[in-house]
Every structure is written in C-alpha cells, then in structure tokens.
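Data first, discussion second: the structure below is written as structure tokens.
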Amino acid sequence: MLDVQLGELTGGAPAGVNEALGLVSGFDDALAHGFARLGEEPAAALAALAGALTGSPLGDRVGEAVDKVSAGSIGDEHLAALAGARAALSGAVHDALLGRLDAALGRPRAAWEASPDTGDNPDNLLAGCRVWLRELAIVGWRGVDHDVVSSADQAIEALLAVPRLRGLAVLLDGLAAELRASCPVSTMASLPARRWGDLWTRALLLAQSGPWHGAAEPVSGRLLILGADVHEHATVVRLQVHGILEPAGGAPVRLVRTSVAAAKVDTIVGPAVWKLMGGHPVLLGALAEHRVLELADMPLLPGGDLVWHDDRARAGEEADPFATARVQLGAAQAPPVPPLDRHPVRIAEPVLVEGYTIDGETLRLGDHALALDLDRLPASTPLTAELVAASSACLGLVRWDGGRWLLQPLAVQATVKKKPVAVHTGAWAMGPTDPKVVKAAAKNGDAVAVLRERAGRLLRK
C-alpha cells in the first residue's frame, strides 16, 4: 500500500455515510423502545427512514410499513419491509466504503450475479423464527425478560436439525444468549443497540426464505495462503483463512476465504483452541508450514467463500505468504459481496503494507496514518503487539469500525534481537513452538483431552 493510496483511503468518509448511519441509529432507538408503544421521537425516526428511501424500489413498501406500525398494526410483511430498509442503508454505506477501499488499492472486484438456490427450506420453521423476532420488535429490547428469551428455544432447536438452516439457528441462538445474559434488559445502563439491531435485521431477512448465498461451484487449482484470522468466544472458535486461488486451466487469480469452526467451553483458551479443529489436519498443516494447497473440486460460493473439505485438499510445496502477497495480491480479483453481507462491519480486505513506522497503536506511512486494530490479536497465536511495533512489513486486514479505517495484523516481518523474523497468526496451528508456551501448557495439563475423556465417560454410562 503506497503513501498516496493510504491518503486516498483515510481522507474522510464518503459523502452521505454519516447521514445514512444516523438513520440506522434512529431505527435502532425505535427498536429498543418497542414498536407496540411508539412515541413521537421513535415514530419520527421511522418516518425519516421511509423518507430516505422514497423513490427507491423499497419506497412504497417501507412507507406503508411505517404507517401501519405507527398505527399499531405490526405484521410480518411490515417488519420485513423495515428490516429491508435498514439493510439497504447499511448496504449503501458498505458499498461506498468498499468502493473507496478498492479504488485506493487498485483492486478489481467481480460483480454480484444472482444464482438459483434450489434448496428446500421448511416454511413452518422459518415462520417460528419470525414469530419470535416479531415479539422482540413489539416489546423492544427494554421489554425483554427471561420469558421472552426462552420462547425462542423451540424454534432454534428445530432449525438446528436442518443443515441448511443451521446458520440462522446459530445467529438466533447467539442473539438469545446475549439477551439472556443481559436480562432484565430494562436495568441496563446502555444497550448495544447497533449490534442487536444488526442481528435482528439479518435474522428477520434470513427467516423470509432461508439462506441467500446462492449455489456453490466446484473449483480446482492452487490455494496460496495469505493469513489466518482467529475469532474466539466463550462457546465457539472460528478460523478464517484468506488466500489467493490460482484456478486450474489458467483462469485469473482471485481472492478467496475459507472457514472452519468448533464448539468450545470457556475453560479452553489460548493455544489449546487449535486442538478443537484437529479434524482439518491438511488445512492446519498448511498454515503452520506455509504450504500451497492443491484443491480438487472444492465448493466455492458466489461470495468467494470455499466450503472447506479437508479430503479435497493436498499440501504442496512451501510458499512464503509475504512473497505471495508481493507478487500476486495486487492483481488478484476480489469476490463480489452477497446482498445480505453488505454491511460495513463485514469489510475485511487483505493488504500488504511495507516501509512504515509504528507510533503506539498507529501505523504511519509518509504523511498519513492508519490505526492498528491490536485488540483483535488472538491469544492463541505468537503474534503480539510488541512484534507489530518492531515490524517493517505487515500482512493484514483493512477494516472499518467506529467511523475509521483500521489495520488488523495477520503476519509481520520484524527484527528481534538483531535477527529478522516472520511471525504469523497461524504459526501454532499444529501446536505451539515457543518452549515457554509448551512448558506452561504441560504444567497446566491438557484441558481438551481432560474434557473429552470426561465427556466419553458420561456417554458410556
């Protein structure tokens, strides 16, 4: 990323972004209040939302929905229109920000083309989701109690039994868990209104007809890994790998992602979380050893996500991620963004930055600065803030959060004790290599092995 490119990126938000986000905040305040008892201010916020979409394809439906909800008539079709309006505004902000980022990087991006999704989604299960989401909208976040949260359990359990709908089930389960942990919500000093509004909107749109990601196509070729992003929570760990796909047959190279996840308990933390994903040894081995992956008929979704099957990949020769980025990242085509994924928080574009200096939590390149997102550095990897501060090159993800651009490091080249080193977040995918970490793990015991043994003992009884 050159100095001039960074200047183009950080030169302020595109026109209209703050106004659109203000309308989203107004909707979220109304949702927190509850649509059953709209006051003057929430009603005005919904009216402003409808006004902003006048003349758009959604204009008439959103205007009617606002009139009906303001009059106390809250139907599924009205809530769907309001959720669509909120998603449209978030999508417009996403498009403006991503367009600026692509322009700054000179990155080509494929256009989204709708593809048929012929899967069968039981409408009775989706209807059960809509009932709960409608109840949330009626009572508002401030009206949520344990009874309201518990009423989602049956719908979530039914969704989990249908593989195609498990994504929606996990989304609803996560929202329900956050609400349950916050009960009674009425006593909270402040609400995560934007986050809960995002989750409610996505869930309601998914509950209309099921997944929107389109049909997958099988691809073969070489996957060159750039870096790994580890998301760790109390009950789940998710690994998202970013890379460059060289399709077989000589088609242009393209940016892709793939993800694997595993359930966990809150006592499994740090490097131990990698053991939970041991069912993907080819992927983890390639991360740890910096190897190319040879893919054969791996499903690729239209949005650029590989549906990972470890048995359809084979480890090849070594490939330095920094060398890959220097040679191929600039020309790789970025994937299109599926309609429901058009949201600023989902922007995470891989970049290579060199020739900078670090000032605290800020990367400086010439006369321009970019904030570092060091809070996302996972405890399960050897990459630390100290290594980032000592670095001279960084592979990372550019994100938008809190009204500004951030760089999340995935790998750095640094000088430690006068020796050059390269440290990656995926370095411990096959287990920690730092003797101090290995010794500490041996002293504390293998939490994963202990829990598996106890679980097996319970199942045998």
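With respect to the stated conditions, Ala65 is part of a helix (DSSP H, G or I), of a type in the set (Gly, Ala, Ser) and touching a His at 6+ places or on another chain (Cβ under 9 Å). Of the residues making up segment 133-162, those that are crowded, with 18+ Cβ neighbours inside 10 Å and not in a helix (DSSP H, G or I) are Gly140, Val144, Ala152.
Being touching a helix residue (DSSP H, G or I) at 6+ places or on another chain (Cβ under 9 Å) and part of a strand (DSSP E or B): is that true of Gly221 here?
Against the criterion (touching a helix residue (DSSP H, G or I) at 6+ places or on another chain (Cβ under 9 Å) and part of a strand (DSSP E or B)), Gly221 does not qualify.
To keep it simple, each residue is scored yes or no on (1) assigned to a helix (DSSP H, G or I); (2) over 17 Å from Ala137 (Cα atoms).
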| site | (1), (2) |
| --- | --- |
| Ala13 | no, yes |
| Asn18 | yes, yes |
| Ala32 | yes, no |
| Ala50 | yes, yes |
| Pro57 | no, yes |
| Gly72 | no, no |
| Ala80 | yes, no |
| Arg86 | yes, no |
| Ala92 | yes, yes |
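Looking at the structure I just gave you, is Ala47 over 30 Å from Thr357 (Cα atoms), out of contact with any Pro (no Cβ under 6 Å at 6 or more places or on another chain) and modelled with pLDDT of 95 or more? Judged against the criteria, Ala47 is a match. Kindly evaluate Ala44 against the criterion of being in contact with a helix residue (DSSP H, G or I) (Cβ under 9 Å, 6 or more places away or on another chain), surrounded by fewer than 18 Cβ atoms within 10 Å (Cβ to Cβ), at negative phi and part of a helix (DSSP H, G or I). The answer is yes for Ala44. For Leu370, state whether it is touching a helix residue (DSSP H, G or I) at 6+ places or on another chain (Cβ under 7 Å), part of a strand (DSSP E or B), within 28 Å of Ala110 (Cα to Cα) and outside the structural domain of Val260 (by TED's automatic domain parsing). So Leu370 fits the description; yes. Take Leu171 and tell me if it is under 20 Å from His343 (Cα atoms), touching a residue at least 24 places away in the same chain (Cβ under 8 Å), under 21 Å from the mean Cα position of the chain (by Cα) and part of a helix (DSSP H, G or I). Yes. From the list Leu179, Leu206, Leu223, the lone residue that is more than 25 Å from Val398 (Cβ to Cβ) and either over 17 Å from the mean Cα position of the chain (by Cα) or among the β-branched types (Val, Ile, Thr) (or both) is Leu179. Filtering segment 248-255 for residues that are under 19 Å from the mean Cα position of the chain (by Cα) and either under 20 Å from Gln408 (Cβ atoms) or surrounded by 19 or more Cβ atoms within 10 Å (Cβ to Cβ) (or both) leaves a non-empty set. It is to be established whether one or more residues within segment 287-299 are surrounded by fewer than 19 Cβ atoms within 10 Å (Cβ to Cβ), touching a residue at least 40 places away in the same chain (Cβ under 8 Å) and under 30 Å from Leu168 (Cβ atoms). Yes, segment 287-299 contains at least one residue that is surrounded by fewer than 19 Cβ atoms within 10 Å (Cβ to Cβ), touching a residue at least 40 places away in the same chain (Cβ under 8 Å) and under 30 Å from Leu168 (Cβ atoms). Counting only residues that are surrounded by fewer than 18 Cβ atoms within 10 Å (Cβ to Cβ) and of a type in the set (D, E, K, R), segment 73-108 holds 4 of them.
Of the residues making up segment 252-304, those that are farther than 24 Å from Arg346 by Cα and assigned to a strand (DSSP E or B) are Arg291, Val292, Leu293, Glu294, Leu295, Ala296, Asp297.
The values are calculated or read from the model by the stated rules, or taken from the named source; none is laboratory data. Since the model is a prediction, treat every value here as computed from it, not as a measurement. Using ideal geometry, Cβ is built from the backbone for each residue, glycine included, and neighbour counts are taken over all protein chains shown.
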